[in-house]
Amino acid sequence: FKAKESDDLWVRAPQRLHAGDSLTLTLFYHGDLIDRFQDWFFIDPGAAWYPRNQQGQNLATFDLTYHSPSWYPLATVGDRLDSAVAGKVLTTHWVTRLPTSFASFNLGLFENYHFQQSAAPPLDVLLSEDAHRLLARTLARQGLLIPQQRNMREAVAVDVSNSLKLFAYLFGESAYGHFYVTEIPYAEGVSFPGMIDLSWVTFQETALDGFDEFFRAHEAAHQWWGNGVRPGSYRDAWLSEGLASFSALWYLQTLPKHRDDYFKFLEKYKADIKDERDDAGPIWIGYRNATPRVRRGYDVVIYEKGAWVFHMLRTMMLDLRSVKDDRFTEMMRDYYSSYRGKPATTEDFKSVVEQHIGAPMDWFFNQWVKGTTIPTYHVAWKSQPAPDGKYTVRLRVSQEHVAPEFRMPVLVSADLGNNRFAHFR
Ligand SMILES: [Zn+2]
C-alpha cells in the first residue's frame, strides 16, 4: 500500500511473521531520477533512490548493476567487478565488501582525473571543467562575474589526497583502498564508503580563509568517522560530524598557509556556541537541536561544539614539556581500531578516553556532552621582582556562568621572553 503523497510503502506479509523469520521482497520501481541544467546533472546524494527499510538497522551489502549511456563516466560505492559496453549502453556491476547504511552513485559529462601520491590511496576525480566554463559564460552575460580557479582538479585532489594520508597516519588505515571524488551541483558534501561527493563550489574556487581545505578534509574524515566507525544512534552524531570537523581542523593545522586557522575556526565556533547557549540543547540530543527557534542549533552544537570537545581532550592530554600530542593520537587510533566497521556510542568513546586518561571521565562528558552550560574564564596575573633577578608571578584563573562544581583544567601559557614558554594547567 502506498499513499500518493507519501514515500512510505507498506507490505502485507503472506503470513504472520515471528521473531527470527525472514522474507525476501523483490521490488520493481521506476522514476525520473536525474534533472539536468546545462552540463550539470542533479542526482541528489541524500535522496532515497532505492527502497530502504525504515525499521531498525539499515545496514546492508549492495550488489548493483547500472545500465547507463556509455559516454557518461559513473562512480558508485563498492568494487567494480564487471564493465562492458554494448552499442551505446555501458553496463557495470558493483559489489560492496563491507556492510554500509547507504549507497549512492553519480554520473555526468565528467572527465576522469586520476591522481595518486606516494603512500596515499589512488583517487579518481570526476568533474566537468566545461560545465564550469559554460556556467561562468552564462552568468557573465547577465553581468555576474564569478571567480574560477585554473587548476580546479588539482586543487581538490591534493587536499583530499593529503587529508586521507594524514588521517591514515593519525587514526589508522581506512577500510577503502580507492576513492572516487565526484562533483555535485549542490552546496553540500556527502561521504559514502570509498566515494566522496563534493559541492561544485569547492571546484570553482578555493576560498582564502581555509574553508575549502577544511570542507574537503571534513568529507575525507567521514571515511573514518561516519563510514568507518558509525554513530550508535542519533545521540552520537557528534562522534561523526564533530569529529570530522575536528579532524579537518587538524588537517588545516598541518598546512603552513593555514596553521593559525585551526584556532581561528575554533574562535568562530566559540562565538556561535555562546550565541546559542541559552537556546540550544546538549550535544546528546543530536538532530533534535534543530528547531524552528534555533535554526543553527544542529550545526552549532553537533559540528562546532562537538569539534570543541575533541579539541579540549587534545589539550588536556597534551604533554606540557614536549608539547606533543602522542597520548591523544594513541587514544584516537585505539578508538578507531576498536570500533572500525561497528557502531560506537558516546559511552563507548568515553570508556576509551577513560582507559587512556586513567581516570573516570563522567564529569567531563556530563558537562560538555550531556550538559549545556558554558563557562567563561578570566585570567589575571601580577609579577613582583624577587632576589637573584627572578620574578614571582601570581596567577588567578576564575570561572563564571557555571555552577561552582563545574570543573575544567585550563591551559595557561606564560611567555618568558627569548622564545621561551612555560605551560601549566
Ligand atoms: Zn559531515
**Request:** Return the percentage of antiparallel bridges among DSSP beta bridges fully within region 103-223, rounded to the nearest 5 %.
**Result:** 45 percent
**Request:** Compute the projected area of the convex hull of the Cα atoms of the chain, averaged over all viewing directions, and report it in nm² to one decimal place.
**Result:** 28.3 nm²
**Item:** Environment charge of residue 213, counting only residues whose C-beta is closer than 12 Å and scoring Lys/Arg +1, Asp/Glu -1
**Value:** -2
**Prompt:** Between their Cα atoms, which of 264/382; 165/257; 350/370; 264/342; 2/342; 274/324 are more than 22 Å away from each other?
**Reply:** 264/382; 264/342; 2/342; 274/324
**Asked** Quick one: of the DSSP bridges fully inside the chain, what percent are antiparallel, nearest 5?
**Response** 80 percent
**Message:** Under the rule a/c < 1.5 gives rounded, and otherwise a/b versus b/c splits prolate from oblate, where does region 376-425 land using the Cα gyration tensor?
**Reply:** prolate
**Request:** Round to the nearest 0.05 the FRET efficiency obtained for residue 260 and residue 85 when R0 = 41 Å and r is the Cβ-Cβ distance.
**Result:** 0.20
**Prompt:** For the residue pair residue 207 and residue 293, what label-to-label distance in nm results when each label sits 7 Å from Cα along the Cα-to-beta-carbon direction?
**Reply:** 2.9 nm
**Message:** Ranking request for peptides 160-172, 388-400, 359-371: highest mean number of other beta-carbon atoms within 10 Å first, then the rest in descending order.
**Reply:** 160-172, 359-371, 388-400
**Request:** Averaging sequence separations of C-alpha pairs under 8 Å and six or more residues apart, then dividing by the length of the chain, give the relative contact order as a whole percent.
**Result:** 10 percent
**Request:** Please report, largest first and rounded to whole Å, the three semi-axes of the ellipsoid equivalent to region 20-163, where each semi-axis is the square root of five times an eigenvalue of the C-alpha gyration tensor.
**Result:** 32, 20, 17
**Request:** With springs connecting C-alpha atoms under 10 Å apart, model the chain as a Gaussian network and identify which of 311, 18, 378 has the largest mean-square fluctuation.
**Result:** 18
**Request:** If a/c stays under 1.5 just call it rounded; otherwise compare a/b with b/c (prolate if a/b is bigger, oblate if not). Do that for region 266-425, with a ≥ b ≥ c from the square roots of the Cα gyration tensor eigenvalues.
**Result:** oblate
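FYI, it's all coordinate maths here, none of it is from the lab. Just so it is clear, the structure is predicted and the values come from calculations on it, not from any experiment. Counting neighbours? That spans all protein chains shown, and the Cβs are built from the backbone with ideal geometry, glycine included.
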